[in-house]
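Novice: This is the structure, below, for whatever I ask next.
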Amino acid sequence: MPLWNPIKPYQELPDLPPGKDVETKAILKRCINARASLAELKQAADLIPNPAILANTLPLLEAKASSEIENIVTTTDKLFEHLKSEAGADPATKEALRYSWALFHGFQTLNEHPLNTRTAETICSNIKGVDMTVRRIPGTALGNETRGEVVYTPPVGEAVLREKLANWERYIHNETEIDPLIRMAVSHYQFEAIHPFTDGNGRTGRIINSLYLIEQELLTRPVLYLSRYILQNRGKYNRLLLGVTRDAAWEPWIVFMLDAVDETARWTSAKIAAIRSLAETTKAFVKRKLPKIYRYELVDTIFELPYCRIVNLADKGIAKRQTASLYLKELVRIGVLVEHPTSKEKLFVHPKLMRLLTQDINTFEPYDD
């Protein structure tokens, strides 16, 4: 293994595939579990009647957690409040919203070309809100916040970085005899070790994880809330990343990532089931209490947008503004929504859904008849 010094650029970062066995008994056992949990998640996501409900909710949870890993802290409420309008949002909320957009845009690009360096540059640019390309200047180093010391210095030189990224691309697409979940874990380490950008590398790498699972047809939508597990185990995540660099300790790292996929997939499947149950309950309740105004599109909208504005109903063609206002106020009257006035316009919040999205619970109180 090449000599590594944390304060010197790691020009000798080994190419992929790793020189060690990445299909040990422990790894393969975890891989089977993770594949089964992902299959259940894929089915749960595919069965929900309105995919937009998941597209507008779970990626925001991922955006919040992934941003918090980088100490960019906002709240779920702020993200949903500003989902359709960034006006008045604080800088951290805006940056987390850009993460959500980067994830969505990256998902769209999978129809145009496979994951590659260009994808990573586009993702990072969307996250940061400025054009981000592979680093051309030295000076990037990663430090330990507690001890204030440099723990890793990535390679330098645009040509070197692009060469290593080309090797990264070949590995994720060509090493097809290795299970894609193992490849995801290996390639995520490699991307973070290359550290191709001056900022946004961690968030870009975590978006690539989600997109890779879709590209490999293990999921059909970016609904895996993987950053939740990483945030909860941030110290271990960083320690195991460094362990690969320092000791080529691939097995603990890959096992960690497979456990992350397994636990997160099961958690997300349960959350989707709870959202689906609440949606069915809400539609039945609204139809019973407000038969004259009930439309399934109306209820779908308050699930797509837990912070709903009058204009959202108008834009969807559900009703003109005056009638849309009446609809939302009727939903407040029967206890489905809560009116949340702001400085410029009224917001109508779906508290039962927000509780599901912000807490580790998958149950909800019945509506009061």
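Readers should treat all values here as calculations from the given coordinates under stated rules, not as data from a laboratory. Small disclaimer: the values here were computed from a predicted structure and weren't measured. Cβ placement follows ideal geometry from the backbone for every residue including glycine, while neighbour counts extend to all protein chains displayed.
Novice: Say each of Arg355 and Asp368 gets a label point 7 Å from the Cα, pointing the same way as Cα to Cβ; how far apart are those two points in nm?
Specialist: Spacing of the two 7 Å Cα→Cβ label points: 1.2 nm.
Novice: Dipole magnitude of the range 25-270 about its Cα centre, charges +1 at Lys/Arg Cβ and -1 at Asp/Glu Cβ only, in debye to the nearest 20?
Specialist: Details: 28 positive and 30 negative charges, 53 e Å.
The calculation lands at about 260 debye.
Novice: Could I ask something else about it? Helix 250-289 versus the longest principal axis of the chain: what angle, 0 to 90°, nearest 10, using Cα atoms?
Specialist: For helix 250-289, the angle is close to 10 degrees.
Novice: Please compute the length gained on full extension between Val311 and Asn233, using 0.36 nm multiplied by the number of residues separating them and subtracting their Cα-Cα distance. Mind showing how you got there, number by number?
Specialist: Working: separation 78, 0.36 × 78 = 28.08 nm, distance 4.04 nm.
Here the segment from Val311 to Asn233 would lengthen by 24.0 nm.
Novice: Right, something else. Placing one identical point scatterer on every Cα of the range 274-358 and ignoring solvent, what is log10 I(q)/I(0) from the Debye formula at q = 0.16, 0.18 Å⁻¹?
Specialist: The computed values of log10 I(q)/I(0) come out as -0.55, -0.70.
Novice: In addition: Sort 25-32, 304-311 by the packing proxy (mean of other Cβ within 10 Å over each peptide's residues), most packed first.
Specialist: Working: 25-32: 16.0, 304-311: 21.9.
Order by mean packing, descending: 304-311, 25-32.
Novice: Using packing as a proxy for protection, rank 219-231, 160-172, 43-55 so that the peptide with the highest average count of other Cβ atoms within 10 Å comes first. If you can, show how the numbers build up before the last one.
Specialist: Details: 219-231: 22.2, 160-172: 18.2, 43-55: 16.2.
My ranking of the peptides, most packed first, is 219-231, 160-172, 43-55.
Novice: Helix 201-215: angle to the longest alpha-carbon principal axis of the chain, degrees 0 to 90, nearest 10?
Specialist: 70
Novice: Write down the Kirkwood hydrodynamic radius of the range 72-144, to one decimal in angstroms, obtained as one divided by the mean of 1/r over all alpha carbon pairs. Walk me through the intermediate numbers first.
Specialist: Values: mean 1/r = 0.0719 Å⁻¹.
So the Kirkwood estimate lands at 13.9 Å.
Novice: Can you tell me the order of 273-283, 116-126 when each peptide is scored by its average per-residue count of other Cβ atoms within 10 angstrom, highest first? Walk me through the numbers before you get to the answer.
Specialist: Working: 273-283: 17.2, 116-126: 20.3.
My ranking of the peptides, most packed first, is 116-126, 273-283.
Novice: Separation of the range 301-369 and the range 78-138 by C-alpha centroid, Å?
Specialist: Cα centroid of the range 301-369 versus Cα centroid of the range 78-138: 27 Å apart.
Novice: Assuming R0 = 35 Å, can you tell me the calculated FRET efficiency for the pair Thr198 and His173, based on Cβ-Cβ distance, to the nearest 0.05? Each step should come with its number before you reach the end.
Specialist: Working: r = 26 Å, r/R0 = 0.75.
With R0 = 35 Å, the Cβ-Cβ based efficiency is 0.85.
Novice: In the structure shown, do any of Lys25/Lys271; Lys78/Lys352; Lys94/Lys287; Lys292/Lys329; Lys78/Lys316 have a Cα-Cα gap over 25 Å, and if so which?
Specialist: Numbers: Lys25/Lys271 31 Å; Lys78/Lys352 16 Å; Lys94/Lys287 37 Å; Lys292/Lys329 14 Å; Lys78/Lys316 23 Å.
In this structure, Lys25/Lys271; Lys94/Lys287 exceed 25 Å between Cα atoms.
Novice: Filter the GluC sites (Glu not before Pro) in the range 170-259 down to the DSSP loop ones having no more than 12 other Cβ atoms within 10 Å, then list what survives.
Specialist: On the way: sites: Glu175, Glu177, Glu192, Glu215, Glu217; in loops: Glu175, Glu177, Glu217.
Answer in residue order: Glu177, Glu217.
Novice: Let me have the relative contact order for the range 77-132, percent, based on Cα pairs under 8 Å that are six or more residues apart. The partial results should precede the final answer.
Specialist: Values: 36 pairs, mean separation 18.9, N = 56.
Rounded, it is 34 percent for the range 77-132.
Novice: Separate question: How many angstrom separate the Cα center of the range 8-42 from the Cα center of the range 223-243?
Specialist: The range 8-42 and the range 223-243 have Cα centres spaced 14 Å from each other.
Novice: What is the distance, in nm, between label points placed 7 Å from the Cα along the Cα-to-Cβ direction at Arg162 and at Lys320?
Specialist: 5.8
Novice: Determine the relative contact order of the chain: mean sequence separation of Cα pairs under 8 Å and six or more apart, normalised by residue count, in whole percent. Don't jump to the answer; show the numbers that get you there.
Specialist: Values: 496 pairs, mean separation 82.5, N = 369.
Relative contact order, the chain: 22 percent.
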